[in-house]
Amino acid sequence: MLEISETGRTWLLSGPASSYAVHLTGDDVLLHLHWGSRIELADAEELAARPLPAERGFESPLDGREEYPVEGGPRFVRPALSVRTDERRGTEWGFESYESTGDTESDELRLRFRDGGLAITLHYRMRGDVMERWVTLDNQGPQAVELLRADSATWTLPDREDWRLSHLHGRWAAESRLTSAPLTYGEKVIGSRRGHTGHQYLPWVALDTDATEERGEVYGCALGWSGSWRIAVAQLSDARVQITGGVGHDESGLLRLAAGESFTTPVFAGLWSDGGFGGASRAWHAYQRAYVIPDADRDRPVLFNSWEATEFDISEEQQGILARRAAAIGVELFVVDDGWFGTRTSDRAGLGDWTPNRDRFPGGLKPLADYVHGLGMQFGIWVEPEMVNPDSELYRAHPDWVQYQAGRKRTEFRNQLVLNLAREDVQEYLWRHLDALLTSAPIDYVKWDFNRSFTDAGWPGEPYPQRLWTDHVHAYYALLDRLRAVHPGVAFESCSGGGGRIDLGVMVRTDQVWTSDNTDPLDRLAIQHGFGQIHPARVMAAWVTDSPNAMLNGRVSSLRFRFVSAMAGVLGVGGDLAQWSEEELAEAREWVDLYKEIRPVVQRGDLHRLRPPRGGLSAVQYVLGDETVVLAWLQAQSYGEPVPALRLRGLDPTASYECLETGEVHRGAVLLHHGLRVGLRGDLDAAVLRLRRI
């Protein structure tokens, strides 16, 4: 809901539990007023009437208080906007107008400013209790404008003491691990200069002073961008805190706007919650299910992926054998991974040639897809369209289509180069081949991979090569949008060597994401714990693979532990089913059947983290209506100590709940205050418990 003061210079946007307010002074300075618990317009007007601090010789009264600080004038904080023309650098903008669009429950507020020929529009939209912010820059003047930095938003926190910063860090096979530390004076900067979101950080931060999992104020921000990015959290000299974030990692030049051109930043979303980290997570999840994830009310199927079973050594006959075994354990989607196309018998050749290998698939993909459909499953494939092997027909025909620096040594990772997707001819090539591929066979699912970062990101002949970094992402989005429009029945998964491209921008266009190449069930508990801080189980793909874990650590774990670990998200199977015993296949069928029963609660329910995965017992709980699911894991039991009871959350204390596993009936108040025993013991044990309100 949007409210505007009678003066037309104070704006208040409110959701069910929170409000956000800004004010334009008589000198046309846009100040931040409030972000937090819900307030009235009169409260915002009282805040607007408070004077700025008095000027002092070495300090600016604007720093830490402006809504969107620009470079230029009496400002010393990190600017959200930095521009340069042939004549000058910086911005001296003036307010022009405001407008609101949309319905009363989801108004978009637009504040328009101008600096000469550059029109600057700040956008605000409250969805639930998540505030979406972004900026449009429109060059309406006669000369070009260089955007050195154009961030989506600056977020200002209220005056508090002892802020703590939480974010997600990692690397390949160790993504999304949560870390928290006191915020000190200066800046903490996270981001990616790799051309994609990256394994090292997810574009999300959270700040609190004394929050627990279920109590206390938490402020969170998440950027919706799948290329290079940066978020800077600054505690200023007067202890005020601001968070600035957007596209690109450096100020070396984002892009050049010619006369008549415009640039719109991605959304930088913000959320306030007084329900602790758990309440903040549940609000983020609800927002994504309602406004971000396509068809979020449709549960994702159980899939089988062939990669760990076969790697590159695949054939139509062999895939058929795996498909029969997958169907027998209840799999609903069969995915052929890498190795089905071109001369792709290893990672050294074939990328870019998106036609089936006729030696391996003599009739193309259609016979196998039809066979898989006949078994009652959907059919999916793996692709990596943004990459090319030098040993490919595509590269031999168009060596200039890759990113490269003229006269410099070429870098290869995984024996591949990055296509320059900013080129229109590359975009058209990929569209033609991917459209033809999806038309050639009844394909229901595409796992879209991205297995190396930008290194030699040059574009010989292009006078401003920096646009490659943003135009690549926009072209990737446009290609996904076009494919989804023409092939509406096809689902897409975002993958980048695991969790290297996970953000709100890619989630608008994909149905789920590959969380990590690490499928070890114990490692996955920490990865999934971090992932769930911001993203819901509905998009978190998780596989059951073979034991011992051959790819990473050789750890031995039971089928029970592997399944219960993967059942915390979108369940998949990635082991070599041809080598599983009849007993293992029968047990797997039971776990898949159980997952299908609890799937609506896991994928659409509210998540409660009961105990974090720090050794010993950990557990999560999902609640949807009258149904509750608890997944519990015991890493190790020490000294014969009894395993503690799990205090549940999100239940009605006055109601009774039946445990479907034991038949026992428990009062909600008892489960909330005294907990539920889960009967685990030893090392790497796990359990699933279902409770139903009666």
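The values are calculated or read from the model by the stated rules, or taken from the named source; none is laboratory data. Quantities reported herein were computed from a predicted structural model and do not represent experimental measurements. Heads up, the Cβs are rebuilt from the backbone with ideal geometry, glycines too, and the neighbour counts pull from every protein chain shown. Quick note on the areas: whole protein, heavy atoms, side chains included, nothing else; ligands and nucleic acids left out. Shrake-Rupley method; radii C 1.70, N 1.55, O 1.52, S 1.80 Å.
For Asp626, project a label point 7 Å along Cα to C-beta. Then give me every residue of region 662-694 with its amide nitrogen under 11 Å of that point.
Under cut-off, by backbone N: 692-694.
Could you pull out every one of the lysines with an alpha carbon less than 27 Å from that of Lys596, ignoring same-chain neighbours closer than 8 positions?
Correct list for Lys596: Lys447.
Assign one of three labels to the chain, namely rounded, prolate or oblate, based on the Cα gyration tensor with a ≥ b ≥ c the square roots of its eigenvalues; rounded applies when a/c is under 1.5, prolate when it is not and a/b is larger than b/c, and oblate otherwise.
Taking the square roots of the gyration eigenvalues as a ≥ b ≥ c, the chain is oblate.
Which ³J(HN,Hα) values, rounded to whole Hz and listed in residue order, are derived for region 299-310 from phi using the Karplus coefficients 6.51, -1.76 and 1.60 in 6.51 cos²θ - 1.76 cosθ + 1.60 with θ = phi - 60°, glycine and proline given as x?
The phi angles translate into 5, 7, x, 6, 10, 10, 10, 7, 4, 5, 6, 10 Hz.
To the nearest 0.05, how large is the calculated FRET efficiency for Asp162 and Asp238 if R₀ is 22 Å and r is the Cβ-Cβ distance? Each step should come with its number before you reach the end.
Numbers: r = 15 Å, r/R0 = 0.69.
Efficiency, rounded to the nearest 0.05: 0.90.
How many percent of the accessible area of region 453-496 is carbon or sulfur, using a 1.4 Å probe? Working shown, then result.
Working: 900 of 1600 Å².
The value for region 453-496 is 57 percent carbon and sulfur by accessible area.
Per residue, how large is the accessible surface of the chain? Use a 1.4 angstrom probe and give square angstrom.
On the way: 26630 Å² over 694 residues.
Accessible area per residue: 38 Å².
How large, in percent, is the carbon and sulfur part of the accessible surface of region 541-694 at a probe radius of 1.4 Å? Write down the numbers at each step before the final one.
Details: 3130 of 6760 Å².
Percent of accessible area from carbon and sulfur atoms in region 541-694: 46.
Report the gain in length on full extension from Thr212 to Ala17: 0.36 nm times residue separation, minus Cα-Cα distance, nm rounded to one decimal. All intermediate terms of the calculation are to be shown ahead of the outcome.
Working: separation 195, 0.36 × 195 = 70.20 nm, distance 1.88 nm.
Here the answer is 68.3 nm.
Label points 7 Å out from Cα along the Cβ direction at Thr343 and Arg611: separation in nm?
Going by the 7 Å Cα→Cβ label model, 5.6 nm.
Go through 542-548, 518-524 and give me the packing order, highest mean Cβ count within 10 Å leading. Before the final figure, lay out each step's value.
Details: 542-548: 20.7, 518-524: 23.0.
Order by mean packing, descending: 518-524, 542-548.
What percent does the relative contact order of region 525-646 come to when contacts are Cα pairs within less than 8 Å and at least six residues apart?
Working: 158 pairs, mean separation 25.5, N = 122.
Here the relative contact order equals 21 percent.
If I model a spin label at Thr101 and Arg289 as a point 7 Å from the Cα along the Cα→Cβ vector, what separation in nanometres do I get?
Simple spin-label model gives 3.0 nm for this pair.
Can you give me the relative contact order of the chain as a percent, contacts being Cα pairs under 8 Å and 6 or more apart? Don't skip to the end; give the middle numbers.
Numbers: 1654 pairs, mean separation 68.7, N = 694.
Over the chain, the number comes to 10 percent.
Under unit Cβ charges (Lys, Arg +1; Asp, Glu -1), what dipole magnitude, rounded to 20 debye, does the chain have relative to its Cα centre?
On the way: 73 positive and 100 negative charges, 196 e Å.
Its charge dipole is roughly 940 debye.
Cross-link candidates for Lys366: which aspartates and glutamates have Cα within less than 19 Å, leaving aside residues fewer than 8 places away along the same chain?
Qualifying aspartates and glutamates at Cα under 19 Å: Glu316, Glu317, Glu332, Asp337, Asp338, Asp353, Asp435, Asp444.
On the accessible surface of region 239-359, probed at 1.4 Å, how many percent belong to carbon and sulfur atoms? The partial results should precede the final answer.
Values: 1710 of 4040 Å².
Carbon with sulfur: 42 percent of the solvent-accessible area.
Do the sum for the chain: with -39,500 (n - 2.57) for every DSSP H run of n ≥ 4, divided by all residues, what is the mean residue ellipticity at 222 nm, to the nearest 500 deg cm²/dmol?
That calculation yields -6500 deg cm²/dmol at 222 nm.
Taking 0.36 nm per residue of separation and subtracting the Cα-Cα distance, what length does fully extending Asp43 through Asp28 add? Before the final figure, lay out the partial values.
Working: separation 15, 0.36 × 15 = 5.40 nm, distance 2.08 nm.
Extra length available between Asp43 and Asp28 comes to 3.3 nm.
Quote the FRET efficiency, to the nearest 0.05, computed for Lys188 versus Leu52 with a Förster distance R0 of 35 Å and r equal to the Cβ-Cβ distance. Spell out each step's value before the answer.
Values: r = 27 Å, r/R0 = 0.76.
The value I calculate is 0.85.
I'd like to know which of Val241, Leu430, Pro548 lies farthest towards the positive end of the charge dipole of the chain, counting +1 on Cβ of Lys and Arg and -1 on Cβ of Asp and Glu.
Toward the positive end, the furthest listed residue is Pro548.
If you take the beta carbon distance between Phe76 and Ala645 as r and set R0 to 41 Å, what does 1/(1 + (r/R0)^6) give as a FRET efficiency, to the nearest 0.05? Mind showing how you got there, number by number?
Details: r = 54 Å, r/R0 = 1.31.
Taking R0 as 41 Å, the efficiency between Phe76 and Ala645 is 0.15.
Simple spin-label model, 7 Å along Cα-to-Cβ: Ala328 to His373 in nm?
Each label point lies 7 Å from its Cα, and together they span 2.5 nm.
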